[in-house]
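Everything on this sheet refers to the single structure shown next.
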Amino acid sequence: MILIQILSLVTEGLWKTWRAIFHYRLSKDEVDVLTKYFPYFSQLRPIHQKEFKQRLEFLLTEKKFFARGNLQEITPEMKVLIGATIIQVTFGYSNVQLRHFKKILVYPDTYFSNISKAYHRGEVNPRLGIIVLSWSCFARGLADHEDGVNLGIHEVAHALKLENQIRYNGESDFFNPVIWDEYQGLAQKEEEIIRSGKDDFFRERGGEDSHEFFAVALENFFERPELFKDRKPQLYKVLVRLLQQDPITLKST
Ligand SMILES: [Zn+2]
């Protein structure tokens, strides 16, 4: 047992050294894409932008992207913007990069799933360790970045919640259980409010179950934090503590 632990520490150490030397390096064009199309990044202070870029480079070293359906290729723009969404959602946790989800599949548009026999915009499959996204829906979510609807954040939020529960990737249980319980108490009340139709701050999807609520809550947390804090101050504050970041104070402007 001890030998296995030592071996895994050595392997981890070697991998980190290899990654530090040979990691993916963002080109100037790719940094321009971030600055132009990813407001979360462009609004960060320079010191946080530097950290964001380095973490994105490490992430892109480890994730594998695959074009699906009739998508011809994964463009650098797709890689950078999808990777940036993972960094955005996990920015409060410097050691979390959703290791369980090694593969990202991209379809050009909504796609038919043989498992659910329905058209999808995106999904997360923990058994296969994949995140699946429709590029057109992803891009639409990013283009209107203040309406509280963002497919990329939605699917990454599902992956984040699962990653916290999956034990063998060396990055589980990062959510503080006390804060998580506090969050769940407030979330259940909000789910009921959505189902009752008394308040429409969160879209109906959030009333489906606790997984959907978490994903919808994070879309709003990142896309319209000021309004969220104003309308649901307790829930906003608990999410700040849970995710270890506050999108409002992270903005330099
Ligand atoms: Zn969902």
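The values are calculated or read from the model by the stated rules, or taken from the named source; none is laboratory data. Small disclaimer: the values here were computed from a predicted structure and weren't measured. Every residue, glycine as well, gets a Cβ built from its backbone with ideal geometry; the counts of neighbours run over all protein chains shown.
Scanning the stretch 201-224 for residues that are aromatic (Phe, Trp, Tyr) and either within 14 Å of the ligand (Cβ to nearest atom) or in a helix (DSSP H, G or I) (or both) turns up PHE202, PHE213, PHE214, PHE221, PHE222. Among the residues making up the stretch 114-140, those that are hydrophobic (A, V, I, L, M, F, W, C) and crowded, with 17+ Cβ neighbours inside 10 Å are VAL124, ILE130, ILE131, VAL132, LEU133, TRP135, CYS137, PHE138.
Here HIS23 clears all of (1) surrounded by 14 or more Cβ atoms within 10 Å (Cβ to Cβ); (2) under 24 Å from GLU163 (Cα atoms); (3) at pLDDT 95 or above except the condition numbered (3).
Residue count for the stretch 229-253 under the criterion of being assigned to a helix (DSSP H, G or I) and in contact (Cβ under 8 Å) with a residue 60 or more places away in the chain: the result is 5. Scanning the stretch 53-85 for residues being crowded, with 20+ Cβ neighbours inside 10 Å and under 17 Å from LEU142 (Cβ atoms) gives a total of 9. Do you know which residues across the stretch 37-81 are outside any helix (DSSP H, G or I), under 28 Å from ASN220 (Cβ atoms) and basic (Lys, Arg)? Residues satisfying the conditions are ARG45, LYS63.
Among the residues of the stretch 94-113, those that are modelled with pLDDT of 95 or more, more than 13 Å from ASN169 (Cβ to Cβ) and buried (at least 18 other Cβ atoms within 10 Å of the Cβ) comprise ILE104, LEU105, VAL106, TYR107.
If you go through the stretch 168-221 one residue at a time, how many are of a type in the set (Val, Ile, Thr), touching a helix residue (DSSP H, G or I) at 6+ places or on another chain (Cβ under 7 Å) and free of Cβ contacts under 8 Å to residues at least 60 places away in the same chain? Total satisfying the criteria: 1. Scanning the stretch 167-200 for residues that are crowded, with 17+ Cβ neighbours inside 10 Å, not in a helix (DSSP H, G or I) and not acidic (Asp, Glu) returns a single hit, PHE175. Within the stretch 141-150, one or more residues are surrounded by fewer than 20 Cβ atoms within 10 Å (Cβ to Cβ), at pLDDT below 95 and assigned to a helix (DSSP H, G or I).
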